[in-house]
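Engineer: Here it is, the structure in full.
The values are calculated or read from the model by the stated rules, or taken from the named source; none is laboratory data. It should be emphasised that the depicted structure is a prediction, and the values quoted were computed from it without experimental measurement. Glycine also receives a Cβ, built like all others from the backbone with ideal geometry; neighbour counts cover every protein chain displayed.
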């Protein structure tokens, strides 16, 4: 019951107060005090509701003649109950009982306990059959977001992207050495990128190799941009907006002299902890890069803050937190950041601009704008061989573009990558 109440609090934080799921998980003291098994249950409960939020709301609407009562905890109790009945291995009677008890702990929702009981019993009887008739891909993606993807990628690919978000992703890790060995130890497989992908059971920190610093968590697509710099041994490389540090670790492991810059002290401390565990070193700078002064670098990697719409597989709260206006605002900030990254690149040096966004305003448009403003800059197209022979990862302009529906697998648990964009530019 405690796990369900904490899950309800976190879900309300996302849906009512528009706070990021990771932020809530990190800041909720009651969650941190739970046993690991119960923390995993809370994560699973919240994630499945957010992944299937549109479908669940539609289905519940079919069973509520007068709509959802005003008390917010009523909808939360219904969503958690329906998710457990339809998607999780929880007995129907237990899911119903727990949701009723959850409502009874709230003075506004308690008087609707009978309604919650009746609706969830109908979900148990009829829900699966009704759910099978719904267009879940459309319902579980906000209309404005699906329309954007259809415009940019075509209707079929937009549907495929949205469908990929319904599957909980596997755990991807980048290893310092011997991918095949660690794939065997982690009961996983090596992807074309060299990433080891596994289905994690239990906490990540308890997996073999974590404590000794043999690997770090990093989506396969996120590992590609740093590789586009080629051989960085002995070169001065700036990793801008660096936290939590996956790319910093890649560059340091490859022998670069890395300066990692981030303006968030807490995130920079997390980066320092990660490097210490991995026995890797880098110069860490806490600064706003638009104001930071330094000697130009041989190479600069800017992973710009973005809408993160390419990471919905791993962050199912994003569709319900973002708005179209956010993308416009972020694009303005990205233009300022890429200008500063260009200034920090020495003549003859390489600049990698990347984001985990699927939106062209944050990617192609930002790069095109810089190329139009700076005559001393050219694009260095990415070759298919540089992305492990995956021609679908390279755009007609020669940039990197991965999509969540790519890297299919006969086992859907092993399929997909984050949506990532990267352009490689050379300062002349």
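Engineer: Can you give me the number of residues within the stretch 393-412 that are loosely packed, with under 13 Cβ neighbours inside 10 Å and closer than 28 Å to residue 168 by Cα?
Structural biologist: Within the stretch 393-412, the first condition is being loosely packed, with under 13 Cβ neighbours inside 10 Å, and the residues that meet it are 396, 408, 410-411.
If we keep only those that are closer than 28 Å to residue 168 by Cα as well, we get 408, 410-411.
Total satisfying the criteria: 3.
Engineer: Considering only the stretch 185-285, give the helices (runs of 4 or more DSSP H) lying wholly within it that have at least 1 residues that are out of contact with any strand residue (DSSP E or B) (no Cβ under 9 Å at 6 or more places or on another chain). First the steps, then the outcome.
Structural biologist: Working: elements: 224-227, 246-253, 265-278.
Output list reads 224-227, 265-278.
Engineer: Criterion first (out of contact with any helix residue (DSSP H, G or I) (no Cβ under 7 Å at 6 or more places or on another chain) and crowded, with 19+ Cβ neighbours inside 10 Å) does residue 389 satisfy it? Before you say what the answer is, go through the steps one by one.
Structural biologist: Details: out of contact with any helix residue (DSSP H, G or I) (no Cβ under 7 Å at 6 or more places or on another chain): yes; crowded, with 19+ Cβ neighbours inside 10 Å: no.
Spelling it out, it is not the case that residue 389 is out of contact with any helix residue (DSSP H, G or I) (no Cβ under 7 Å at 6 or more places or on another chain) and crowded, with 19+ Cβ neighbours inside 10 Å.
Engineer: Can you pull out every residue in the stretch 59-76 that is surrounded by fewer than 18 Cβ atoms within 10 Å (Cβ to Cβ) and in a helix (DSSP H, G or I)?
Structural biologist: 61, 62, 72
Engineer: Checking the condition in contact with a helix residue (DSSP H, G or I) (Cβ under 9 Å, 6 or more places away or on another chain) and either closer than 27 Å to residue 88 by Cα or surrounded by fewer than 20 Cβ atoms within 10 Å (Cβ to Cβ) (or both), which residue from 229, 171 passes?
Structural biologist: Values: 229 fails: either closer than 27 Å to residue 88 by Cα or surrounded by fewer than 20 Cβ atoms within 10 Å (Cβ to Cβ) (or both).
Exactly one residue qualifies, and that residue is 171.
Conditions tested, residue by residue: (1) assigned to a loop (DSSP other than H, G, I, E, B); (2) at pLDDT below 95; (3) outside the structural domain of residue 293 (by TED's automatic domain parsing); (4) buried (at least 19 other Cβ atoms within 10 Å of the Cβ).
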{"residue": "350", "(1), (2), (3), (4)": "no, no, no, yes"}
{"residue": "357", "(1), (2), (3), (4)": "yes, no, no, yes"}
{"residue": "371", "(1), (2), (3), (4)": "no, no, no, no"}
{"residue": "416", "(1), (2), (3), (4)": "yes, no, no, yes"}
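Engineer: Now for a separate question. Residue check: is residue 80 under 23 Å from residue 134 (Cα atoms) and either touching a residue at least 60 places away in the same chain (Cβ under 8 Å) or outside the structural domain of residue 133 (by TED's automatic domain parsing) (or both)?
Structural biologist: On the way: under 23 Å from residue 134 (Cα atoms): yes; either touching a residue at least 60 places away in the same chain (Cβ under 8 Å) or outside the structural domain of residue 133 (by TED's automatic domain parsing) (or both): yes.
In short, yes.
Engineer: Please determine whether any residue of the stretch 240-251 is surrounded by fewer than 19 Cβ atoms within 10 Å (Cβ to Cβ), within 30 Å of residue 359 (Cβ to Cβ), in contact with a helix residue (DSSP H, G or I) (Cβ under 9 Å, 6 or more places away or on another chain) and at pLDDT below 95. It would help to see each step written out before you state the result.
Structural biologist: Start the filter on the stretch 240-251 by keeping residues that are surrounded by fewer than 19 Cβ atoms within 10 Å (Cβ to Cβ), which leaves 244.
Subsequent filtering for residues that are within 30 Å of residue 359 (Cβ to Cβ) retains 244.
Right, trim to in contact with a helix residue (DSSP H, G or I) (Cβ under 9 Å, 6 or more places away or on another chain) and you get 244.
With at pLDDT below 95 added as a condition, the list becomes 244.
Looking for residues that are surrounded by fewer than 19 Cβ atoms within 10 Å (Cβ to Cβ), within 30 Å of residue 359 (Cβ to Cβ), in contact with a helix residue (DSSP H, G or I) (Cβ under 9 Å, 6 or more places away or on another chain) and at pLDDT below 95, one finds at least one in the stretch 240-251, hence yes.
Engineer: What number of residues in the stretch 26-42 are surrounded by fewer than 17 Cβ atoms within 10 Å (Cβ to Cβ) and assigned to a helix (DSSP H, G or I)? Full working, then the answer.
Structural biologist: Going through the stretch 26-42, the residues surrounded by fewer than 17 Cβ atoms within 10 Å (Cβ to Cβ) turn out to be 26-30, 32-38, 40.
Then drop every residue that is not assigned to a helix (DSSP H, G or I), which leaves 26-27, 29-30, 32, 36-38, 40.
Summing the residues that are surrounded by fewer than 17 Cβ atoms within 10 Å (Cβ to Cβ) and assigned to a helix (DSSP H, G or I) in the stretch 26-42 gives 9.
Engineer: Can I ask one more? Mind checking which residues of the stretch 392-414 are part of a helix (DSSP H, G or I) and either modelled with pLDDT under 95 or under 30 Å from residue 347 (Cα atoms) (or both)?
Structural biologist: Going residue by residue through the stretch 392-414, those that are part of a helix (DSSP H, G or I) are 392-393, 412-414.
The answer is 393, 412, 413, 414.
Engineer: Residue by residue through the stretch 359-369, note down the ones that are surrounded by 16 or more Cβ atoms within 10 Å (Cβ to Cβ) and out of contact with any strand residue (DSSP E or B) (no Cβ under 6 Å at 6 or more places or on another chain). Explain how you work it out, then say what you get.
Structural biologist: To start, the set of residues in the stretch 359-369 that are surrounded by 16 or more Cβ atoms within 10 Å (Cβ to Cβ) comprises 359-364, 366-367.
Once the filter is applied, which keeps residues that are surrounded by 16 or more Cβ atoms within 10 Å (Cβ to Cβ) and out of contact with any strand residue (DSSP E or B) (no Cβ under 6 Å at 6 or more places or on another chain), the stretch 359-369 yields 359, 360, 361, 364, 366.
Engineer: While we're here: Could you list, in sequence order, the residues of the stretch 325-365 that are under 20 Å from residue 224 (Cα atoms), in contact with a helix residue (DSSP H, G or I) (Cβ under 7 Å, 6 or more places away or on another chain) and touching a residue at least 40 places away in the same chain (Cβ under 8 Å)?
Structural biologist: Passing the criteria: 351, 352, 353, 354, 355, 356, 357, 358, 359, 360, 362.
Engineer: Now, a different point. Go over the candidates 404, 408, 396, 412 one by one and state the one that is free of Cβ contacts under 8 Å to residues at least 24 places away in the same chain and within 25 Å of the chain's Cα centre (by Cα).
Structural biologist: Working: 404 fails: free of Cβ contacts under 8 Å to residues at least 24 places away in the same chain; 396 fails: within 25 Å of the chain's Cα centre (by Cα); 412 fails: free of Cβ contacts under 8 Å to residues at least 24 places away in the same chain.
Sole residue among the options that is free of Cβ contacts under 8 Å to residues at least 24 places away in the same chain and within 25 Å of the chain's Cα centre (by Cα): 408.
Engineer: Going residue by residue through the stretch 299-318, is there one that turns out to be part of a loop (DSSP other than H, G, I, E, B), at negative phi and in contact with a strand residue (DSSP E or B) (Cβ under 6 Å, 6 or more places away or on another chain)? Steps first, answer last, please.
Structural biologist: The initial filter retains those residues of the stretch 299-318 that are part of a loop (DSSP other than H, G, I, E, B), namely 304-308, 312-317.
Next, only the ones that are at negative phi stay: 304-307, 312-317.
Next, from what is left, pick out any that are in contact with a strand residue (DSSP E or B) (Cβ under 6 Å, 6 or more places away or on another chain): 304, 306.
There is at least one residue in the stretch 299-318 that is part of a loop (DSSP other than H, G, I, E, B), at negative phi and in contact with a strand residue (DSSP E or B) (Cβ under 6 Å, 6 or more places away or on another chain).
Engineer: Please tell me if residue 90 is surrounded by fewer than 22 Cβ atoms within 10 Å (Cβ to Cβ) and assigned to a helix (DSSP H, G or I). Step through it out loud before you land on a result.
Structural biologist: Values: surrounded by fewer than 22 Cβ atoms within 10 Å (Cβ to Cβ): yes; assigned to a helix (DSSP H, G or I): no.
No, not satisfied.
For (1) farther than 22 Å from residue 415 by Cβ; (2) in contact (Cβ under 8 Å) with a residue 24 or more places away in the chain, each residue gets a yes or a no:
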{"site": "178", "(1), (2)": "yes, no"}
{"site": "185", "(1), (2)": "yes, yes"}
{"site": "215", "(1), (2)": "no, yes"}
{"site": "224", "(1), (2)": "no, yes"}
